[in-house]
Amino acid sequence: MSQIFVDEALTRNGKGNALKATARAEATTRTIIISNRVPSPAEKGATAGGLAVALADAVTPGTLWFGWSGKRTEHTSAEAQVTVSDGVTYATIDIAEQDYHKFYNGFSNGALWPLFHFRTGLLRFNRPDYESYRAVNRAFAQALMPLLKPTDLIWIHDYQLMTMAAELRDLGVTNRIGFFLHIPFVPPGLLQVLPPATEIVAALSACDVVGFQTESDRKAFLDCAEALLEVKPDRHGRYYYDTRTVHAVLTPIGINAEKFAQLARRAEVTADARRLHESLGDRALVLGVDRLDYSKGLPQRFDAFGRLLYAFPQHRRHVNFLQIAARSRQEVGSYQTLRRELDRRAGDINGEFSDFDWVPLRYMTHAVRRSAIAGFYRRARIGLVTPLRDGMNLVAKEYIAAQDETDPGVLVLSRFAGAADELTEALIVNPFDADEVAEAIHLGLIMSPEERRSRHAALLAKVNFTTASRYCEQFLGYLKDPEKI
Ligand code: ADQ
């Protein structure tokens, strides 16, 4: 980011050249990152959620991070509260309790999330929720206005803020604006299930750059723009709408792989890792780590593990499946139903296969510290990542980064995770087919060390290449330079 460049220049040149560098700083751009939830600078430890994790690796000194404080109050704030920590400025607003329910639980997680994960059956739409969504997006735009400088680059994140760019344009903002969608996008036939589909695509078209995790998401968006806005995208994914050129780009997200590998190596000797190790003895560990969300395919995954024990009895007593599923969005009904469903299936499997000294499936619903998770990944012979749909899925990348290269585990990965486009040396499965997933776990458990090492080396090279910082550089590169294709 440009700000790093300026800070480095200041350090290198000493005081004599400081003025020159400062002048350059003013002439260059500042990045403003906007996301629904902004972690407070003091927030450390167990936070489940891919966006925060990916951006935490990427937010550098000089950046302004703007969004919701996490506080629900009587009224939505008109002005942002600003704090600076380690050179990063955090500006947050509170959201009124009533708006929060409609905007967040209602439209964002009750309509957009299921639809964008191809689950139209779970979609709940009503107009007041959508109106609140628009109102909160407007409140974000209004509170950002006083903090904006003309040369700022504005980078908005994710499905909760799809209409914010349009609100900023209505307020007269002419800065370059980018938007990145962390979850999948759907083809026109599905998007049109949503009553305000055209409005949403038009609002996204107030951006200069709109970014996606996979080529099929990017294509689906362009198809929607063509179908709903009657525009004609060119072969580079650019189209002209209203008064601007919109560019749809592919910028898949990643992790800070080196840092995560280090964390995993250190975690190996911690008390948590030792406790897990002792509890397993010499049994192989099959591990799942997810937010407790219906897009992650957890009931199907439990069934697949049951099929493994049924169809491959040689693994009974020699394997343990640990599913860490951090509770999230518990105020949304479909999430409560899912929890009950998992309790039942876990009980069924343990009831059927447990012995007096062996319980096959362990399942917990609280978040675990990142350092502990890293150690658990390293201990796991199988990383089981089988979402029914997922924008990317960073757990798959973390699992690869955490392995011991001399004795790595095997990643079993859903073909419907964005990560499957890239991580082709994993055992790729259809998560709806319990037998196929069970066979893949079996294959992973009996795979030769040579094959494990060769698959892992290929996967690690990819995870080390598509990192969080590369993702930021790529997206900001498009945002800074209109000519970049
Ligand atoms: P998420 O749906 O939250 O993110 P994911 O990409 O897997 O999913 O990221 C989860 C992050 O939270 C990982 O860093 C993981 O370690 C952590 N985590 C998950 N479960 C946890 C638990 N039980 N305890 C502690 N930590 C846990 C959204 C999209 C994804 C996309 C990301 C980033 O849905 O598809 O990859 O954003 O763009």
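Which residues, taken from region 286-314, are assigned to a helix (DSSP H, G or I), touching a strand residue (DSSP E or B) at 6+ places or on another chain (Cβ under 8 Å) and open to solvent by 10 Å² or more (accessible area, probe 1.4 Å)? Within region 286-314, just K296 meets the criteria. Taking helices (runs of 4 or more DSSP H) as the structural unit, no element lying wholly within region 406-485 holds at least 2 residues that are closer than 20 Å to S216 by Cα and of a type in the set (A, V, I, L, M).
Among the conditions (1) within 11 Å of the ligand (Cβ to nearest atom); (2) of a type outside the set (S, T, Y); (3) surrounded by 24 or more Cβ atoms within 10 Å (Cβ to Cβ); (4) over 17 Å from the mean Cα position of the chain (by Cα), the only one that I441 does not satisfy is (1). In region 133-225, counting only helices (runs of 4 or more DSSP H) that sit wholly within it, the ones holding 2 or more residues that are under 21 Å from A54 (Cβ atoms) and open to solvent by less than 10 Å² (accessible area, probe 1.4 Å) span 164-170. Taking first residues from region 361-373 that are under 16 Å from F321 (Cα atoms) and partners that are surrounded by fewer than 19 Cβ atoms within 10 Å (Cβ to Cβ), the Cβ contacts under 6 Å between residues at least 6 apart in sequence or on separate chains come to L361/N350; T365/R327.
Screening L476 on (1) of a type in the set (A, V, I, L, M); (2) open to solvent by less than 20 Å² (accessible area, probe 1.4 Å); (3) in the same structural domain as R266 (by TED's automatic domain parsing); (4) within 30 Å of H247 (Cβ to Cβ) shows it passes everything except condition (3).
The values are calculated or read from the model by the stated rules, or taken from the named source; none is laboratory data. Only a predicted model underlies this, so the values are computations on that prediction, with no experimental measurement involved. For neighbour counting, all protein chains shown are included, and Cβ atoms are generated from backbone atoms with ideal geometry for every residue, glycine included. Ligands, DNA and RNA are stripped out before the accessible areas are found, and what is left, the full protein with its side chains, is counted by its heavy atoms. Shrake-Rupley method; radii C 1.70, N 1.55, O 1.52, S 1.80 Å.
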